[in-house]
Structure formats: C-alpha cells, structure tokens
Amino acid sequence: MSFLLAHLSDAHIGPIPRPNLAELLGKRVTGYVNWLYKRAGQHDMGVLATLVSDMQAQRPDHVLMTGDIVNIGLPAEIALAKDWLATLGGSEAVSFTPGNHDAYVADATKLVHEVFEPWTVSETGAAGFPFLRRRAGVALIGLDSGVPTAPFVASGRLGETQLAALGRLLDQTKAEGLARVVFLHHPPHVGGARVLRGLDDAAAFEAVIARHGAELVVHGHNHKPSVAYIDGRQGQTPVVGVASASARPGGHYPAAEYNLYAIEGAGEGARVTLRRRVLNEAGEVVEAGAEELGQAGK
C-alpha cells in the first residue's frame, strides 16, 4: 500500500471583509487591529494560490487542512474560506479541523462547525469530533482543539470526551490493520508552543498516544516547521508541524510551505516519509528535503 497525504495549515484567508461596529465587540477589536497593522502584511493570497497549485500537481490521495482558515471569525470571512476550501478538492478528498482563529468567539465556533461540516463528517455520516475517515489502508482521525479564549490568548483544548473517543478509535483502527494519522490545529505535545498558545491538555493527549499508539500526528498553529516524538508502549510517534500556507518569504515567520507524507505499508509496520515543499525567495515552490520519520513499534 502506498498513500500520499498532503498537509497545509494556517491559510488565514484575507483580506478581512470590512466589519460593522457590532461585529467588532469583544476580542474581534484586537484581532482586527492586529490584522490591519501586522497580519495583512504577513499573509498573501497569491502565495497561497501558488502553494496550492504546486500541491495539486503532486496529486495527493488526500489533503488535510489543520485550521486557522480565517482570522477573526466573521460570517463573511467564513463564507470566503468555504469557497477556498472547496478549491482544494471535494469533501471526500479533503479533511478539515478548526483552529483558534476559527473559534475566535463562540458564535464563530458554532458557524464554522456548521459551514465546514462536509469536510469534518465521519464516513458513517456522523457529525462531531473526533471524526474518522478510512482511506486505502489509512485511518484519518480529526480532532478539534479550537475553543474561544480571552484577548491575547491563543490556547486550545480537546477535553476528556474527545480524548476518550480518540483512544477508542486508535484501538479500533489498529485492530483493522490501518496506519493511523491524527490531525489537529494546536501542537499536541508538552512544550510545543509558547505560554498561552499551547494545548491546555497536551499531557493528556500524550498519555493517550503513549497508551494506544499512532503512526503519525500532524498540526499547524506555530507557523513554522517542526518534528517531535511522543514515547509510548509501542515506540515513538512522530508529531509534525507545518508553516503557514500563506506566509510571505522574508517575513517574521518561515515562508509558506506544505508537507507531503508518503505512507508505505500497513498498520504499525507502515513507513512514513516526510517531504517539505517550500516557497523560495523567487516565488517558486521547491523541495526542502525528505526525511523518513521514526515509527511507532520500531
């Protein structure tokens, strides 16, 4: 079995449609000012289009988009983001999970869940998180770490219900002999993000992975590439972060990129090779090296 999985994150679709005064109440005020004076200069929709074009030319079997698809959760933003997500492929070929910017305020969280449900529904038709999609020997398990927070806080949380369900899905799909890929927005390992930006229950997530195992965990949020490992009973599970898909070269964060994962073999014996595709200063998407990731059970 050979399966090619593409992963991108933190698209931050813009520009933000002009909000009315009522929409700027609460946390959105600071977020909108931050967009005008900072983020608008960091994220480029032309860059994003170039990256997506290159990704589609690689002909992945499935695409994961791990959140922060919008900026301050305005209904008009969410509508634009839905149209963009549809350009990546049909909902059967693309999976989505929300980030902190998609859960900017409580109303936005509810609307995001409704609007993006086609990309988050399990193959059984059940809605809610975690969701499971089986694709050619691979189990794709999506988690929602996006929760509304106070101004200047960008942390996430999974909660006991999602974590318990994750453990059951990992055991179920392991018994089926599937290679298990878990995806979410926030870096789910302890120390994976700065204070007030991490996953509040990262230690609990690590405990679930250590107990049940997984072949790969992927996330966004930090706007930079990373590889970490969670130790467990079955060995090490790689945890891979990706930079923002719309970041301009030469900015505060690394330039835009997406990841490709070639998954060879089945179940715990699967081999995962990571390839990074990065935008260079000339505006071209180039290969930034390949790396075989250490696997659970090895």
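Quick note: the coordinates plus some simple rules give every number you see, no bench work behind them. Bear in mind the structure is a predicted one, so any value in this text is a computation, not a measurement. With ideal geometry, Cβ positions are generated from the backbone for all residues, glycine too; neighbour counts draw on all protein chains shown.
Remarks
- Rounded tilt (10° steps) of 45-57 against the dominant C-alpha axis of the chain: 30 degrees
- Between A93 and V153, the simple label model (points 7 Å from Cα in the Cβ direction) yields a spacing of 4.1 nm.
- Percentage relative contact order, segment 2-293, counting C-alpha pairs under 8 Å, at least six apart: 20 percent
- Note on K27: lysines with a C-alpha under 20 Å away, same-chain residues under 8 apart excluded, are K38, K110.
- Each part gets one Cα centre, and for segment 69-105 versus segment 136-202 those centres are 18 Å apart.
- Gained length - E160 relative to V33, 0.36 nm times residue gap less alpha-carbon distance: 42.3 nm
- Each label point was placed 7 Å from the Cα along the Cα-to-Cβ direction; for E117 and R134 their separation is 2.4 nm.
- Taking every DSSP helix (H) stretch of at least 4 residues in the chain, weighting each as -39,500 (n - 2.57) and dividing the sum by the residue count yields a mean residue ellipticity at 222 nm of -7500 deg cm²/dmol.
- Nitroxide proxy distance, nm - points 7 Å out along Cα→Cβ at D54 and A86: 2.8 nm
- Within segment 2-293, DSSP assigns beta bridges of which about 65% are antiparallel (rounded to the nearest 5).
- Cβ crowding within 10 Å averaged over residues, with 88-96, 11-19 ranked highest first: 11-19, 88-96
- Bridge type composition, segment 99-211 - antiparallel percent by DSSP, nearest 5: 45 percent
- Added length on full extension, which subtracts the Cα-Cα distance from 0.36 nm per residue, A207 to E264: 17.9 nm
- FRET efficiency for A127 and A79, using Cβ-Cβ distance with R0 set to 25 Å, rounded to 0.05: 0.80
- Rounded, prolate or oblate (a/c below 1.5 giving rounded, otherwise prolate when a/b exceeds b/c) for segment 184-298 by Cα gyration tensor: oblate
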